[in-house]
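J.: Just passing along the structure, written as structure tokens.
The values are calculated or read from the model by the stated rules, or taken from the named source; none is laboratory data. Not measured: the values here are computed from a predicted model. Heads up, the Cβs are rebuilt from the backbone with ideal geometry, glycines too, and the neighbour counts pull from every protein chain shown.
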Amino acid sequence: MNRCLSLVAVLLVAAGGRPGAQQEASDRDWPMFRGANGTGVGTDSSVPDRWDSEQGVAWRTALPGPGASSPIVVGNRVFVTCYSGYGVPGERGGQMSDLTRHVLCLGLRDGSVLWRKQIPAQQPESPRVAEHGYAGSTPASDGERLYVFFGRSGVFAFDLTGKELWHADVGVGTHQWGSAASPVVYADLVIVNASIESESLVALNRLTGKEVWRTRGIEKAWNTPCIGTAPDDSVELVIGIEGKVLGFDPRSGEELWSCSGYRNYICATPVAYDGAVYVLWGRRTMAVRLGGRGEVGRTHQVWNFWKSNASSLIPSPILHGGHLYFASDRTGSVYCMDGKSGEVVHEEKLQPAPGKIYASPVLVAGRIYYVSRANGVYVVAARPQFQQLAHHDLGDSSVFDASPAVAAGRLLLRSNRYLYSIGGARD
């Protein structure tokens, strides 16, 4: 495992939270947004790179409603969230009071629904959330429990059989764009970016749901925090907010450092790698060395690159082989940047034109999978010399906003109507 981990450096750790303790689990599970180490990089080389609507799809399961949350995998189970009753694209009517969230557990091998929980929304919710709707946060698991974040309705913990264990409020604020950040499990904590709900980062005890610490001033941040390891092996929690990147001690919530950035809201999740963190703001991309104290713009900022199109507002990046890879959510172009200098190595258009891309990519066996909203999946070689390897269209007219999950030789793709398993035998 690299010196820096992103999002969840330690999962399934009952005490101590040692970075690197869960590399073994990452080989078989995909327990949170962007995988066990939060970088979007999978280790299962048996994931297919070629399929179509008739060949290669092990199963497809209809979902009870839309959502932009990604599926996660724990053992032989898949977990995903949805919503129904209000604000469903293409459906007329419905009252805000009818808004319901759904937590589903499916069998990994055949896509059968093992259990389903319905959670009425705390009222009043934000009216008609644009684009990603009311289920944008990906669940997280420590291998024993499932943690789900539903904005002002709070954080819920379930055991893997669906029994509710606790519920915690983190704020009651709403926004016309809704809530999208996913929970992070670190040591004995579940850490939530509650920027929309209370302009806070909130850490909850993962066993009881009791609040352990809270830090305020988290403004206009839809990104999931990442966890990285500094050069001195200390662990830092990093989040981007409007105009800044912030580093915290994940155990106490103490702010360690800040670095001035782009004056814009931030959705893309930072990625930490080899002692640095990489942040995408939409038109600006920057790299900051971890381990600083106070304002670190002059001492720890590695590079700061601005170009109107060469960045990403929504999809998060991949860091591989010293290069940063990402897709523009607006132009359908994909980029490769030198991680040390910030220089753009290539800028290429995917073919056929993908339209908008909101999902974050994943990397498996030297291949990057980019999922467009309405025109299928693109497979690109993860190397500085651009090469598009394949394009796959499932013939599904629904919208794909969720990032894929990778587990057991499968690529799990979620649309606003279905969950697909690409690859893997169906028993």
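J.: Could you list, in sequence order, all residues of the stretch 61-98 that are farther than 30 Å from residue 406 by Cβ and in contact with a strand residue (DSSP E or B) (Cβ under 7 Å, 6 or more places away or on another chain)?
T.: If the condition is that a residue be farther than 30 Å from residue 406 by Cβ and in contact with a strand residue (DSSP E or B) (Cβ under 7 Å, 6 or more places away or on another chain), then 85 is the only one that fits.
J.: Continuing with this model, one more query. Go through the stretch 319-427 and tell me which strands (runs of 3 or more DSSP E), entirely inside it, have 2 or more residues that are loosely packed, with under 15 Cβ neighbours inside 10 Å.
T.: Working: elements: 323-327, 333-338, 344-349, 362-364, 367-371, 377-381, 388-392, 405-407, 410-414, 418-422.
Ranges flagged: 344-349.
J.: Then there's this: For the stretch 69-84, does any single residue satisfy the condition of being within 20 Å of residue 28 (Cβ to Cβ) and small (Gly, Ala, Ser)?
T.: yes
J.: Assess whether residue 111 counts as being outside any strand (DSSP E or B) and either in contact (Cβ under 8 Å) with a residue 12 or more places away in the chain or within 13 Å of residue 156 (Cβ to Cβ) (or both).
T.: So residue 111 passes the test.
J.: Enumerate the pairs (first residue in the stretch 248-267 and more than 19 Å from residue 194 (Cβ to Cβ); second residue anywhere and surrounded by 22 or more Cβ atoms within 10 Å (Cβ to Cβ) and modelled with pLDDT under 90) with beta-carbon separation below 7 Å, excluding pairs fewer than 6 apart on the same chain, so at least 6 apart or on different chains.
T.: That search, which allows pairs on different chains as well, returns 261/281; 262/281; 264/281.
J.: Could you count how many residues in the stretch 238-273 are under 20 Å from the mean Cα position of the chain (by Cα), assigned to a loop (DSSP other than H, G, I, E, B) and not hydrophobic (A, V, I, L, M, F, W, C)?
T.: 6
J.: I've got another one for you. What is the residue count in the stretch 119-143 for residues that are part of a loop (DSSP other than H, G, I, E, B) and crowded, with 19+ Cβ neighbours inside 10 Å? So that I can check it myself, show each step before the final result.
T.: Start the filter on the stretch 119-143 by keeping residues that are part of a loop (DSSP other than H, G, I, E, B), which leaves 121-139, 142-143.
After this cut, where a residue has to be crowded, with 19+ Cβ neighbours inside 10 Å as well, the list is 121, 125-126, 129, 132-139, 142.
Counting residues in the stretch 119-143 that are part of a loop (DSSP other than H, G, I, E, B) and crowded, with 19+ Cβ neighbours inside 10 Å gives 13.
J.: When the stretch 283-299 is examined, which residues are found to be surrounded by fewer than 20 Cβ atoms within 10 Å (Cβ to Cβ) and either within 20 Å of the chain's Cα centre (by Cα) or not small (Gly, Ala, Ser) (or both)?
T.: Result: 283, 284, 289, 293, 295, 298, 299.
J.: Hey, another quick one. Which one is nearest to residue 249 (Cα to Cα) among residues in the stretch 176-203 that are touching a strand residue (DSSP E or B) at 6+ places or on another chain (Cβ under 8 Å) and among the acidic types (Asp, Glu)?
T.: 188
J.: Can you tell me which of 47, 8, 41, 74 is under 30 Å from residue 273 (Cα atoms), at pLDDT below 85 and among the β-branched types (Val, Ile, Thr)?
T.: 8
J.: Evaluate the following for residue 197: is it more than 21 Å from the chain's Cα centre (by Cα) and at pLDDT 95 or above?
T.: So residue 197 does not fit the description; no.
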